[in-house]
Structures are given as structure tokens and as C-alpha cells.
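Written out below as C-alpha cells is the structure these notes cover.
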Amino acid sequence: MKEIIKNIKGTKDILPNEVAIWQYVEDKIHLFFQKYGYHQIRTPKFENTSLFNRSIGLDTDIVNKEMYSWTDQGGNNLTLKPEVTASVVRSFIQHNLGKINSINKLYYIDSLFRRERPQKGRFRQFEQFGIEALGSDYPEIDAEIISMAYYLYDSFKIKSLKLKINSIGSKNTRLNYKKELKDYLINYKNDLSSISQNRLNSNPLRILDTKIDFEKEIIKDAPKIINYLDSDDKSHFEELLMLLDTMNIQYEIDHNLVRGLDYYTKTVFEIHSDILGSQAALCGGGRYDYLVEELGGDPTPAIGFAAGMERLILSLDAQKNDIFKKPFIYFITLGNGAIKASAKIINSLRIKQNLTVISNSLRKNLKAQMKEANKLNVSYVIILGDDEIKNNSAIIKDMDSGNQESVNLQNIEDFFKKPH
Ligand code: AMP
């Protein structure tokens, strides 16, 4: 027997019986973001490796060990996209989008690739949806974006949403704070993990992000960045919190929230839900006021968030049955005459009346077709056999009530024009 080739670890097939929930979620996301006046942007699945080295930062897990990178036949160093912001910013600069609109409000739904250890809610190819707004440094855009993330999850009825928020200030604030934090952490150098010891010099802020319990104990008493914000950072953060209060969005200020990537400034946030257990972050984002300039564009303040589609779908598990739209009609045909006569009626129900009609294409007997209709949980079954053809009629069975009636073939369309 020939060996079967399987999919790659950390990737998955979305099979026909699972796809309805994906389509439902994607449709809702498009409509939701468009309601706020955001436009979709689609960037390529792979980019020059240097784009990610420069934007995400060399001292991050993504760039250090998770990128799928290769050299192609032409000697180009390429990488499958591990996150979207860098690609959007590259495209924004390359196509002069900042000159066309003074503010660009963009959203995306995309596939990403990271060589992480696969577990529940963590994959090597996964989908993200997200927002990038480029052009405004006012706190109202921070509030708009946070509220979009929050109310999107709320519209999916995800329970126990928790918004964590922090400000990590602008460049100067971070420079001053880094020094203070390093001075504090140096006292505990020998107690830190080897990774954190290295970060002590390269990027001590990232130690605050630790998931290790004994490091969490150490950072409990570390200086807090919020006390180092300059007056501009401070008023930005205060105005943002005031706007969130106005919108009735509850938040928790998390002093250790710094986010993994180097490019964040001022506002950073995450939305969590305990439905997910250990992989609790549904989405994360923040302001990245220097990234456009660092990638060669004109200085442009910007803010965005990225959200995992798999984690959203996992948290929807309990609602799956309500979401699955049941097909409307199952058309049972019995005999050659019925197959021929049904083609016209089915066509008109589908094309003219826009109804979902499923037909059995295996010429099975009545019992087998009825079994299939029950399995699909349809609303109506139409039965057309050679006997019915003789009477120029078909049987329509309402599957919810169990009632059935004989309807003239010419009147089937009208039957479904009535509200059901
Ligand atoms: P990040 O781009 O790392 O800030 O992640 C933003 C969101 O994407 C997270 O909150 C998750 O919902 C999702 N995410 C990140 N990495 C993965 C992964 N490996 N598998 C599935 N979802 C992920």
C-alpha cells in the first residue's frame, strides 16, 4: 500500500462540516469593520525577510526562531508573513497612501505563519483579522480601535471579556524607564532565567512580559512605566481612558503589559476571555507611531490590533448550532420523469427565488433520501415521483410541524413566496 501524505504539524484542514462557522465569522467581521468606515487591504503571503527583521525587531521570538524563511532560486531572502502590520506599513509607504488620504482606516483577514509549539489555540499557520489606522495621533482613534475590538467580540456574545490596557510612552519615556527598570532588575540578575538575563541589556522591558512565576514575583515591585510618562503621554492616556469610560467599556490597567514586538509606543492593549484557558489572549494591539518612519516613510502616527480567528471560533463552540444555517429545501425525486421535471422547478427556486435547495444525486430510494433530508435538518422536503407527475403535483412536507400537502407543480414557486 502506498504511504499516505499528511498535513504539516501545526496546520489544519477546515473540512466542509466545519466551514460554515468560518464563513459566518468572516462575513460578520467584514460588515462590522465596514460599519466604522474601514476598508480591506490584502498584501502578499510572503515578503522580503528584511521587512520583518527591521519592523518586528531582532530581539523577538518571532524573528529569532519562528519565521519560515528561505532563499529562492534567484537568491532572494524571503519569509512567509508572520504578522500583518509590517506588510501593511510597507504597502502604505510604497503606494503613497498617506498622500491620497490624510487618514487611512484599514482592516485585513489573512493567513500567518509562525513556527511555534502547536497546542490548543496555537498553530503554525493561523488566521488573523485586524485593523490598522494610519495618520492620527489623537486618543479618539485609540478609543475607536479598542471599542471596535471590544464590541466585535461582544457582538459574538463572547463572555467574560477582559480589556487590559497600559501606556508604554513615547521614545524618551521608554529610554528613561528602561534605565530605571534595568537598575532594579540588576539586583536580581542571578535569579532571572538565562533569556531574561540576556534581555537585561538588549530590551529589559520585555522581561515584564514573562510567563515564569518566579520572575513574576520579582517584577511585582519593579518600577511602573506609568509613573515615567511625560505630560503628553499622560494626557493621551487619560483622554483615552475617559473616552472608554464614556463608551461604558470596562478596562483594567495592567502595568506589566508591554506586548512582544519592539515597535509599540504609548497605548498597548489586549482583550482576554477565560473561556480559552491558557491561550487567553483573543487579540492584542497598540500604537506604533515610529514604524512608518523606521521603514522609510514620512513620520505617520498609527495604531492597530491583530486578533486570532481560531481563538474566536474556539470561543464560539457553544453557539455553533445556532449559527449553522439550515438548508431550506431537500428535493426528493423518484424515477426518470421526476428527475427531468424537477430540474426546471429546482432551478427556478434556486435562481429566481434565491432559496437553498439540495437535491440527491445518487438516485436513491424514498427512505434513503428522507434519511438524508433528516440528517441535514432541512425545513422542507419536496417529494416528486412518477405518481405525482401524473397528477401534475408534488408533496411538500414541513419538517418542523410534520404536516404535508399536495401542491400543483405550477404553484410550487408561489408556495415558497409566502413567508415561512
Ligand atoms: P500577536 O500577533 O502575537 O500579537 O497575536 C495576536 C493574536 O493572534 C493573539 O491574541 C491570538 O489570538 C492570535 N495568535 C497569535 N499567534 C497565534 C498562533 N500561533 N496560533 C493561533 N493564533 C495565534
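The values are calculated or read from the model by the stated rules, or taken from the named source; none is laboratory data. Since we're looking at a predicted model, the values are computed, not measured. Every residue, glycine among them, receives a Cβ derived from its backbone with ideal geometry; neighbour counts consider all protein chains shown. These area figures cover heavy atoms from the full protein model, side chains too; ligands, DNA and RNA do not enter into them. Shrake-Rupley method; radii C 1.70, N 1.55, O 1.52, S 1.80 Å.
Please verify whether the stretch 170-191 includes one or more residues that are within 13 Å of the ligand (Cβ to nearest atom) and not charged (D, E, K, R). No, the conditions are met nowhere in the stretch 170-191. Looking at SER379 and the list (1) hydroxyl-bearing (Ser, Thr, Tyr); (2) over 24 Å from ASN17 (Cβ atoms); (3) touching a His at 6+ places or on another chain (Cβ under 9 Å), which single condition is not satisfied? Going through (1) hydroxyl-bearing (Ser, Thr, Tyr); (2) over 24 Å from ASN17 (Cβ atoms); (3) touching a His at 6+ places or on another chain (Cβ under 9 Å) one by one, SER379 breaks only (2).
Scanning the stretch 162-182 for residues that are free of Cβ contacts under 8 Å to residues at least 24 places away in the same chain and open to solvent by 80 Å² or more (accessible area, probe 1.4 Å) yields LEU175, LYS179. Every test in (1) more than 11 Å from the ligand (Cβ to nearest atom); (2) part of a helix (DSSP H, G or I) is passed by ALA149 save one, and that test is (1). Quick check: anything in the stretch 60-83 aromatic (Phe, Trp, Tyr), within 16 Å of the ligand (Cβ to nearest atom) and buried (at least 17 other Cβ atoms within 10 Å of the Cβ)? Scanning the stretch 60-83, I find no residue that is aromatic (Phe, Trp, Tyr), within 16 Å of the ligand (Cβ to nearest atom) and buried (at least 17 other Cβ atoms within 10 Å of the Cβ), so the answer is no.
A single member of THR11, THR43 is hydroxyl-bearing (Ser, Thr, Tyr) and out of contact with any helix residue (DSSP H, G or I) (no Cβ under 8 Å at 6 or more places or on another chain), and it is THR11.
Here LEU244 passes the criteria (1) near the ligand (Cβ under 10 Å from one of its atoms); (2) crowded, with 19+ Cβ neighbours inside 10 Å except the one numbered (1). Looking only at the stretch 95-133, residues that are within 12 Å of the ligand (Cβ to nearest atom) and more than 16 Å from HIS39 (Cβ to Cβ) come to 18 in all.
Screening the candidates ILE41, ILE29, ILE103 for the property of being open to solvent by less than 20 Å² (accessible area, probe 1.4 Å) and hydrophobic (A, V, I, L, M, F, W, C) yields one hit, ILE29. Inside the stretch 349-370, residues that are within 37 Å of the chain's Cα centre (by Cα) and surrounded by 12 or more Cβ atoms within 10 Å (Cβ to Cβ) make up a count of 9. Could you check the stretch 106-159 and list, in sequence order, the residues that are among the polar types (S, T, N, Q) and open to solvent by less than 10 Å² (accessible area, probe 1.4 Å)? Result: SER147, single match. Among helices (runs of 4 or more DSSP H) entirely within the stretch 354-420, having at least 1 residues that are more than 15 Å from LEU334 (Cα to Cα) singles out 366-376, 412-417.
Just one of the listed residues (ASP274, ASP230) is over 28 Å from PRO82 (Cα atoms) and loosely packed, with under 14 Cβ neighbours inside 10 Å, namely ASP230. Where residues in the stretch 44-53 are of a type outside the set (A, V, I, L, M, F, W, C) and under 22 Å from ILE131 (Cβ atoms), which of them is least open to solvent (accessible area, probe 1.4 Å)? Filtering first and then ranking leaves GLU47. Residues in the stretch 91-121 that are farther than 28 Å from GLU66 by Cβ and in contact (Cβ under 8 Å) with a residue 12 or more places away in the chain: LEU97, GLY98, ASN101, SER102, ILE103, ASN104, LYS105. For LEU282, the requirement of being crowded, with 19+ Cβ neighbours inside 10 Å, within 14 Å of the ligand (Cβ to nearest atom), over 19 Å from MET148 (Cα atoms) and not polar (S, T, N, Q) is not met.
Restricting attention to the stretch 289-312, the residues that are away from the ligand (no atom under 12 Å from the Cβ) and open to solvent by less than 10 Å² (accessible area, probe 1.4 Å) add up to 4. Among (1) open to solvent by 30 Å² or more (accessible area, probe 1.4 Å); (2) in contact (Cβ under 8 Å) with a residue 40 or more places away in the chain; (3) in contact with a Lys or Arg (Cβ under 9 Å, 6 or more places away or on another chain); (4) away from the ligand (no atom under 16 Å from the Cβ), where does LYS266 come up short? Result: LYS266 passes all but (1).
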